[in-house]
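One structure below.
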Amino acid sequence: MNFPFDVILFDVGGVLLTNGWDHRERAAAVEEFHLSPEPFEVRHLSVVDAWERGAIDLNAYLDAAVFFEPRRFSREDFFAFMLSQSRLLPQGALGIAGELAASKPCTLATLNNEARETNDYRFAQFELRRYFKVALSSCYVGLRKPEPAMYRRALDIFGAPARRVLFIDDREENVAAAAAVGMQTIGFAGEEALRLDLKKLGVL
């Protein structure tokens, strides 16, 4: 029996690892560094799109979101805290990715929204390139999920029919967008549920 997919795409935050810099992580930073929550969130939202697309770097993001006024802490302290929020996701899919990488049934890749500096750290810290030879991160391709162009770019890069590509993500809007371009999809709800879904599809 032929393997059902040529490519399996994994999201990173919320599937393999905790989110890198999402609502919960920013709330923790607000508490740790005694930031004013609403102004920080407004400033974050004004520049995060450009940062995750790779249009601005970490310093530009921090200038706009945090260091627009004098602080009692350093950029290095703040960025170290940001990185400390990245952890292995309990009941995440990294073990499954490792099994698939070892058996080599198809190409494994990531398709995620992430700024370059946090993305590079996460890939190195958790050795993700042991499993994923291709990283279609928003900071590298200049696109973000759930934009249809993000998924079409992935199909163009791999040269695979959409029906032969499986996409795994924890966010409903990202899954729906992938399905809209013809990809097979799984909404991630934990390791056990993913194993069952993959068995149904003939992957495991």
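Read-outs: derived from the displayed coordinates by stated rules, not from any lab. For clarity, every value in this text was computed on a predicted model and none was experimentally measured. Every residue, glycine among them, receives a Cβ derived from its backbone with ideal geometry; neighbour counts consider all protein chains shown.
At-a-glance table
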{"quantity": "Footprinting exposure proxy for Phe33, Phe10 (fewest neighbouring C-beta atoms within 10 Å first)", "calculated": "Phe33, Phe10"}
{"quantity": "The range 157-183-the range 186-204 distance, computed between alpha-carbon centres (Å)", "calculated": "15"}
{"quantity": "Among Val134, Val175, Thr107 the positive-end extreme of the charge dipole of the chain (Cβ point charges)", "calculated": "Thr107"}
{"quantity": "In sequence order, calculated HN-Hα J values of the range 122-127 (Karplus, 6.51, -1.76, 1.60; Hz; x Gly/Pro)", "calculated": "5, 5, 6, 4, 10, 6"}
{"quantity": "Order of Arg43, Arg24, Arg71 - criterion: other Cβ atoms within 10 Å of each residue's Cβ, fewest first", "calculated": "Arg24, Arg71, Arg43"}
{"quantity": "Global geometry of the range 99-158, whether rounded, prolate or oblate, following the gyration tensor of its Cα atoms and the 1.5 cut on a/c", "calculated": "oblate"}
{"quantity": "Over the range 50-109: Kirkwood hydrodynamic radius from C-alpha pairwise inverse distances, Å", "calculated": "14.9"}
{"quantity": "log₁₀ of I(q)/I(0) at q = 0.15, 0.25, 0.28 Å⁻¹ - the range 23-84, Debye sum with one point per alpha carbon", "calculated": "-0.41, -1.23, -1.51"}
{"quantity": "Whole-Hz couplings from phi, Karplus 6.51/-1.76/1.60, listed for the range 137-144; x for Gly and Pro", "calculated": "7, 4, 5, 8, 9, x, 10, 9"}
{"quantity": "Average projection area in nm² (convex hull over Cα atoms of the chain, one quarter of hull surface)", "calculated": "11.1"}
{"quantity": "Pairwise FRET efficiency - Phe33 versus Ala60, Cβ, R0 = 25 Å, nearest 0.05", "calculated": "0.85"}
{"quantity": "Estimated 222 nm signal from helices in the chain, with DSSP H stretches of n ≥ 4 weighted -39500 (n - 2.57), rounded to 500", "calculated": "-14000 deg cm²/dmol"}
{"quantity": "Nonlocal amide H pairs with Val134, under 5 Å, H built at 1.01 Å", "calculated": "Thr110"}
{"quantity": "The chain: angle of helix 94-103 to the longest principal axis, Cα-based, in degrees nearest 10", "calculated": "40"}
{"quantity": "Highest-MSF residue in the chain out of Asn19, Asn112, Asn59 [GNM, Cα springs under 10 Å]", "calculated": "Asn59"}
{"quantity": "5 angstrom amide H check on Glu114, placed H, neighbours 5+ away", "calculated": "Ser138, Cys139"}
{"quantity": "Relative exposure of Phe188, Phe40, Phe167, judged by other C-beta atoms within 10 Å (fewest first)", "calculated": "Phe40, Phe188, Phe167"}
{"quantity": "Rg over Rh, two decimals, the range 99-204 (C-alpha only, Kirkwood Rh)", "calculated": "0.94"}
